[in-house]
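What follows is a single structure, written as structure tokens, with notes after it.
The values are calculated or read from the model by the stated rules, or taken from the named source; none is laboratory data. The structure displayed is predicted, hence computed values, not measured ones. Cβ atoms come from the backbone with ideal geometry, glycine included; neighbour counts cover every protein chain shown. What goes into the accessible areas is simple: the full protein's heavy atoms, side chains included, and nothing from ligands, DNA or RNA. Shrake-Rupley method; radii C 1.70, N 1.55, O 1.52, S 1.80 Å.
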Amino acid sequence: MSVYKRKDGDVQPYWSLGKYQLRLPFIHYRLEIPELIQGLVIFTIGLSMIEIMTSVLGMSYEAALAIAILNHFLMLIPSAFGVPFVSGFITPLIPVLTVFLGNFAPGSEAVRALISVQLVTAVIFLLLGLTGLGKKFIISLPNSLKAGILIGAGIGAIMGEIESGGRVVTTPISLIIGGMLCLYIMFSLHFKRLYEQSKIIKKIANYGIVPAIIVAMVVGWVVGEYPTPKIEWGITVPNLSELWSVTPFVVGFPDLNLLIAAIPTAILAYIIAYGDIVVGDNLIKRASESRKDEKIAYDLNQVHHLTFIRGILNALFVPHPGLAGPIFTAGTASVAERYTFGKKAMQSIFSGTNSLLISLTLAIFILPLVTLFQPFLPIALSITLILTGYLCINVGVQQVKSEEEIGVAVVMAIVLALYGAAYGLIMGAVLYFVIQHGGFRFKKRATEINNDREVM
């Protein structure tokens, strides 16, 4: 229960802080049990980033764990201040970011490169949020380039899992079963029919990718692809001294050349993140149509500002490879779907989003849970990337219609997946002006010539 009660048709109670709406549990909203339970498993997605931090960035496990813990606290900021999304990472960027970071030696050099991407991305969010130009920027971007970015990110995500040395190759049984089950639950027409007919299936669907992760973990353990976890009891304590050793105050701030080098990757990060914001906005609008008892009021520019704050805090104190993603799409979709079941099922959209994020944050302090899932962290990361790759390719393909757009998008996507953001953007821009823009001018000129002949 909560201290403040909402009148039907009103905004969920809050304390006003300028343009922002501060809400706290038990005061402004109740905690939702299903979201709390879901968070006890989904928190493994945050833990799965430890593998990237220890390998690509060369951090110690202790530093990576501390970053994962504190990053969960930063994820609480947007929903606490009025954003109805479950915040997360810019997951589709991870394969592209990995290519960029691969140009630097693991350790201080790679960490500085990550910090440079975080800083530039945060500044982009701030500028486009303050000016309100974010929407205009995305609208003006040709469809073929948007598609190329999404398809390239999707190809990169899946390639990283299935290529030689990838996790699907080294642990095929658990990841193939888990990955296929995840795609079946999320996208299968057959599963959608079962969803309409069975209450049990509806409950399974409410937990998003969690069932697939759990099944893959059990299969991986049974077939011997993953070891038996060694359970430890107590509370997870972040090693702050190890964390401090990978902040820019120790490894050094990126210089101008490194910041310039990070711009293409940061631009991709913003384009992908804005696409996620649009998806989240549509999810919330669709959910609110079935609930007239609550008015959901928020501002997309404020989403930009709060993402900037998270990004800056990440860069200065918590260098996390997931970056400051404005929305965890799967989590937001799960909350929005259950929200449509009515007020008894979920008091407010904010009680749902905040409950899930609070659970994610608290779960990581439960040492038995952390040590239980520790051997299986690659599974959570792989299934997340496989799902992300599928979604990116699916959405990207829908952006293009003509033969010219398809050609530009696919070639750009391949270059981007293989060689990174800078080469991908350059290739996409060149192809657009040579094939689409140039083609338009050629056709226009040909039409003018034909008209002249008719006049003669």
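For Ile364, the conditions (1) under 18 Å from the mean Cα position of the chain (by Cα); (2) under 30 Å from Gly107 (Cα atoms) are fulfilled apart from (1). Within the stretch 1-37, restricting attention to residues that are more than 16 Å from Leu76 (Cα to Cα) and not in a loop (DSSP other than H, G, I, E, B), which residue is least open to solvent (accessible area, probe 1.4 Å)? This residue is Pro34. Among the residues of the stretch 200-215, is any in a helix (DSSP H, G or I), more than 20 Å from the chain's Cα centre (by Cα) and at pLDDT 85 or above? So far as the stretch 200-215 goes, yes, one or more of its residues are in a helix (DSSP H, G or I), more than 20 Å from the chain's Cα centre (by Cα) and at pLDDT 85 or above.
Listed here are the residues, each with its yes/no results for (1) of a type outside the set (Gly, Ala, Ser); (2) at pLDDT 85 or above.
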residue: Thr371; (1), (2): yes, yes
residue: Ile379; (1), (2): yes, no
residue: Gly389; (1), (2): no, no
residue: Lys401; (1), (2): yes, yes
residue: Gly407; (1), (2): no, yes
residue: Leu416; (1), (2): yes, yes
residue: Leu425; (1), (2): yes, yes
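Identify, from the list Leu300, Leu268, Leu256, the residue that is crowded, with 20+ Cβ neighbours inside 10 Å and among the aliphatic types (A, V, I, L, M). None of the other options fit; the residue is Leu268.
If you take the residues of the stretch 22-75 that are of a type in the set (Val, Ile, Thr) and within 16 Å of Ile94 (Cα to Cα), which of them is nearest to the chain's Cα centre (by Cα)? Going through the qualifying residues, I end up with Ile45.
Conditions (1) modelled with pLDDT under 85; (2) over 24 Å from Ala330 (Cβ atoms); (3) aromatic (Phe, Trp, Tyr); (4) touching a Phe, Trp or Tyr at 6+ places or on another chain (Cβ under 9 Å), marked per residue:
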| position | (1), (2), (3), (4) |
| --- | --- |
| Val86 | no, no, no, yes |
| Leu97 | no, no, no, no |
| Ala105 | no, yes, no, no |
| Gly129 | yes, yes, no, yes |
| Phe137 | yes, yes, yes, yes |
| Ile176 | no, no, no, no |
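Is it true that some residue in the stretch 210-217 is open to solvent by less than 20 Å² (accessible area, probe 1.4 Å) and farther than 22 Å from Pro368 by Cβ? Yes, the conditions are met somewhere in the stretch 210-217. Residues in the stretch 173-208 that are touching a residue at least 40 places away in the same chain (Cβ under 8 Å) and either open to solvent by 50 Å² or more (accessible area, probe 1.4 Å) or farther than 27 Å from Pro375 by Cα (or both): Ile173, Ile177, Met186, Phe187, Tyr207.
What's the total number of residues in the stretch 164-195 that are of a type in the set (D, E, K, R) and within 24 Å of Val223 (Cβ to Cβ)? Walk me through how you get there before you give the answer.
Of the residues in the stretch 164-195, the ones of a type in the set (D, E, K, R) are 167, 192-193.
Narrowing further to those that are within 24 Å of Val223 (Cβ to Cβ): 167.
Adding up the residues that qualify gives 1.
With respect to (1) touching a Phe, Trp or Tyr at 6+ places or on another chain (Cβ under 7 Å); (2) in a helix (DSSP H, G or I); (3) farther than 30 Å from Ile155 by Cβ; (4) open to solvent by less than 20 Å² (accessible area, probe 1.4 Å), the lone exception for Pro368 is condition (4). Of all residues being among the small types (Gly, Ala, Ser) and within 11 Å of the chain's Cα centre (by Cα) in the stretch 305-349, which is surrounded by the most Cβ atoms within 10 Å (Cβ to Cβ)? Just the residue, please. Within the stretch 305-349, the match that is surrounded by the most Cβ atoms within 10 Å (Cβ to Cβ) is Ala324.
Among the residues of the stretch 38-69, those that are touching a Leu at 6+ places or on another chain (Cβ under 7 Å) and open to solvent by 40 Å² or more (accessible area, probe 1.4 Å) comprise Leu40, Glu51. Only a single item in (1) in contact with a helix residue (DSSP H, G or I) (Cβ under 9 Å, 6 or more places away or on another chain); (2) closer than 25 Å to Gln38 by Cβ; (3) among the polar types (S, T, N, Q) is not met by Thr265, and it is number (2).
Considering only the stretch 68-104, how many residues are small (Gly, Ala, Ser) and part of a loop (DSSP other than H, G, I, E, B)? Give the steps one after another, and end with the answer.
Within the stretch 68-104, the subset small (Gly, Ala, Ser) is 68, 79-80, 82, 87-88, 102.
After this cut, where a residue has to be part of a loop (DSSP other than H, G, I, E, B) as well, the list is 82, 87, 102.
Result for the stretch 68-104: 3.
Selection over the stretch 393-403 of residues that are buried (at least 17 other Cβ atoms within 10 Å of the Cβ) and either touching a Cys at 6+ places or on another chain (Cβ under 6 Å) or outside any loop (DSSP other than H, G, I, E, B) (or both) gives a count of 4.
Please verify whether Thr384 is in contact (Cβ under 8 Å) with a residue 12 or more places away in the chain, open to solvent by less than 30 Å² (accessible area, probe 1.4 Å), closer than 27 Å to Glu161 by Cβ and part of a helix (DSSP H, G or I), treating the condition exactly as stated. Break it down stepwise before answering.
Numbers: in contact (Cβ under 8 Å) with a residue 12 or more places away in the chain: yes; open to solvent by less than 30 Å² (accessible area, probe 1.4 Å): yes; closer than 27 Å to Glu161 by Cβ: yes; part of a helix (DSSP H, G or I): yes.
It is true that Thr384 is in contact (Cβ under 8 Å) with a residue 12 or more places away in the chain, open to solvent by less than 30 Å² (accessible area, probe 1.4 Å), closer than 27 Å to Glu161 by Cβ and part of a helix (DSSP H, G or I).
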